[in-house]
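The values are calculated or read from the model by the stated rules, or taken from the named source; none is laboratory data. As the structure is a computational prediction, the values presented were derived from the model and not from experiment. Note that each Cβ is placed from the backbone with ideal geometry, even for glycine, and that neighbours are counted across all protein chains shown.
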Amino acid sequence: MSLLSDLLNPMPPNGAGAGKPSMAKRIPDRPRLVLVEPAPLPPSPYTNAATATPEWRLARDQYISHVMTCRGCYAPGGRYCPIGAELRTTYDNTPMEANP
């Protein structure tokens, strides 16, 4: 036997809630939850990363991944290495919205 079981043996069983009826018996007419499809969101006049084109998100992710790890790039100061400058130009020139 383990030390924990030796400590728990003399304790009485847990009596919490022993005299209470179950939830089903206390609330017989409770509403049931049903899974439904989410309602489609209306088109928004705002464009953000969630609604941007996949090309823009790819350009953004490549630019940010590079700038965060490159010792030669300092985005707040506008200083970039050659690769960072190219990625920044691609990011700036990639349209965020698809042309309708």
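At a glance:
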{"quantity": "Residue check for Thr69: β-branched (Val, Ile, Thr) and without any contact (Cβ under 8 Å) to a residue 12 or more places away in the chain", "calculated": "yes"}
{"quantity": "Search result, residues across the stretch 69-100 that are surrounded by 13 or more Cβ atoms within 10 Å (Cβ to Cβ), closer than 25 Å to Pro43 by Cα and over 23 Å from the mean Cα position of the chain (by Cα)", "calculated": "Tyr91, Thr94"}
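Conditions tested, residue by residue: (1) at pLDDT 75 or above; (2) surrounded by 10 or more Cβ atoms within 10 Å (Cβ to Cβ); (3) within 32 Å of the chain's Cα centre (by Cα); (4) under 30 Å from Asn99 (Cβ atoms).
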residue	(1), (2), (3), (4)
Asn9	no, no, no, no
Pro12	no, no, no, no
Ala16	no, no, no, no
Pro31	no, no, yes, no
Pro43	no, no, yes, yes
Asn48	yes, no, yes, yes
Thr53	yes, yes, yes, yes
Ala59	yes, yes, yes, yes
Val67	yes, yes, yes, yes
